[in-house]
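See structure below.
The values are calculated or read from the model by the stated rules, or taken from the named source; none is laboratory data. Keep in mind that this is a model prediction, so the values were computed, not measured. Note: ideal-geometry Cβ built from the backbone for every residue, glycine included; neighbour counts use all protein chains shown. Side chains included, ligands, DNA and RNA excluded: accessible areas come from the protein's heavy atoms. Shrake-Rupley method; radii C 1.70, N 1.55, O 1.52, S 1.80 Å.
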Amino acid sequence: MPATVVIGCQWGDEGKGKIVDFLAADSDVVARFQGGSNAGHTVIVNGKKFVLHALPSGVLRPGVRNIVGNGMVVDVLGLAGEIDKLLEQGMDIADRLTLSEQAHMVLPLHKELDHAAEHQKGGRKIGTTLRGIGQTYSDKFRRVGLRLGDLRRRDQFVKKYRALAEFHGEFLRKVYEIQPANTEQALEQLTACADRLAPLVGDTVALVNESLARGENVLCEGAQGVMLDIDHGTYPYVTSSSPTPGGACTGLGISPRHIERVVGVFKAYTTRVGEGPFPTELLGAEGERLREAGGEYGATTGRARRCGWLDLPVVRRAVQICGCTEMVVTKLDVLDDFDTVEVCDRYILADASEAELIPFGADAVEASRPSYETHQGWKCQTSNAKTTEDLPVEALRYLDRVSHALDTPISMVSIGPDREQTLPMK
């Protein structure tokens, strides 16, 4: 069977976790391929809320093998805490979870560096989650990082950690004038985690490819969204990895020929967390109305998300880059009470020309103005619909217009947070 990739088509927070959980019902393997605990995937099952950060969103489905891929950066202390929370809720996932031996570790010193760097930038800060993600990827590409496989070699791990802590400690003292945390205390916590996590570490590249060779369904889960991609996003206000199908290939070690289905997920409106340009952002009462109706507060940080109308140039660019074969619209129900719904169909650029695709780079986006279409609202509750045929005609027209604008079919619509509030399109 070919692999399916689920990607976010905006700035993250599109509701991918819920969609991965839904699709996991027909999957044998769910594999996260990039990012780290800067992502928060929220899944609600029978009214019970689960917030996942490093764990794949397939962990709530019994019988599904879950993989933390080599493209991820893993906060081992945080991951152990996630596993503990599931244990407290009666879910032991150890027998169906494998961690890539090649995945790099987010260490306490990386978080120290993240805090210090953001503080120094002041008004020019990126708006990171302060989880040490960028610093871990930096160490990965400087070829000095520690990987999960190192947990199985205690003496080597301790030696490497002390050397890295000494290097970064000197940097913190001399550049940021900050006294670093105690190395030995951090090591004590990490080695305690190593005893628990080392048995879960394995060759996930072989595991995924063997599953594909057997004809099993492999679901590849991305974090963040295309507009936060290190290459294609609104640079420099981006993440440090690639949440695209290309990222799935490198982040899991699979050939592009295995990927035939790419599911692009986007909200019926737009949100963004952190700094950076956001052409359709609503700064007044309507923005606050969207935020409250959608519960737009970060699952990872608790920060209020910036909210605005649906931005088609953003989603079109994501479809172009990722080759989406189908789309999923989430949070349609958030728009239930609006008299009219605006959609940005194109941008007016700095030179007064028009563009149907978001330009590259923060400066070019900042200079762009949205051009809106106005759509009639439906002014009725959609969250109780059992099929898409139960949706009001105005909502269906809205979805049809969006699908036509993206030249890609919409396969599912989410009308609420629970797993069951996901409707396949007729």
Square roots of five times the Cα gyration tensor eigenvalues for segment 271-426, Å: 25, 19, 15
Accessible-area composition of segment 218-304, carbon plus sulfur, in percent [1.4 Å probe]: 50
Cβ-derived FRET efficiency at R0 41 Å, residue 348 paired with residue 381, nearest 0.05: 0.70
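Can you tell me the mean projection area, over all orientations, of the convex hull of segment 319-380's alpha carbons? Units nm², please.
Averaged projected hull area, Cα only: 5.7 nm².
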Mean Cβ neighbour count within 10 Å, used as a protection proxy, ranking 321-330, 362-371 highest first: 321-330, 362-371
DSSP-loop GluC sites (Glu not before Pro) across segment 151-208, with at most 16 other Cβ within 10 angstrom: 177
Per-residue ³J(HN,Hα) for segment 324-339, Karplus 6.51 cos²θ - 1.76 cosθ + 1.60, θ = phi - 60°, Hz, x for Gly and Pro: 4, 8, 7, 10, 10, 9, 10, 6, 4, 5, 5, 8, 4, 9, 8, 5
Calculated P(r) of segment 126-190 - Cα pairs past 16 Å, %: 55
Sequence-distant residues sharing a close amide H with residue 75 (under 5 Å, placed H): 37, 106
Segment 104-256 shape via C-alpha gyration tensor axes, a/c threshold 1.5: oblate
Spatially proximal lysines relative to residue 386 (Cα-Cα < 22 Å; intrachain offsets below 8 disregarded): 16, 18, 48, 49, 267, 331, 426
Separation in nanometres of the label points that stand 7 Å from Cα toward Cβ, at residue 91 and residue 182: 3.6
Per principal axis, descending, Cα span of segment 56-142 in whole Å: 47, 27, 18
D (Stokes-Einstein, µm²/s), Kirkwood Cα radius, segment 38-100, 0.890 mPa s at 25 °C: 203
Orientation-averaged projected area, Cα convex hull of segment 81-184 (nm²): 8.4
DSSP bridge pairs, the chain: antiparallel proportion in percent, nearest 5: 40
Heavy-atom surface of segment 106-197, accessible at 1.4 Å and reported per residue (Å²): 57
Spatial separation of Cα centroids for segment 277-339 and segment 131-159, in angstrom: 35
Segment 249-300: C-alpha pair distances exceeding 17 Å, %: 56
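Using the Cα gyration tensor of segment 6-127, with a ≥ b ≥ c the square roots of its eigenvalues, what is the shape: rounded (a/c below 1.5), prolate (a/b larger than b/c) or oblate (neither)?
Prolate is the answer for segment 6-127, as a/c is 1.5 or above and a/b outweighs b/c.
Hey, can you find the accessible area per residue of segment 255-399 for me, probe 1.4 Å, expressed in square angstrom?
Working: 6140 Å² over 145 residues.
Value returned for segment 255-399: 42 Å² of accessible area per residue.
If you take the Cα Rg of the chain and divide it by 2.2 N^0.38 Å, with N the number of residues, what do you get?
Ratio of Rg to 2.2 N^0.38 Å for the chain: 0.98.
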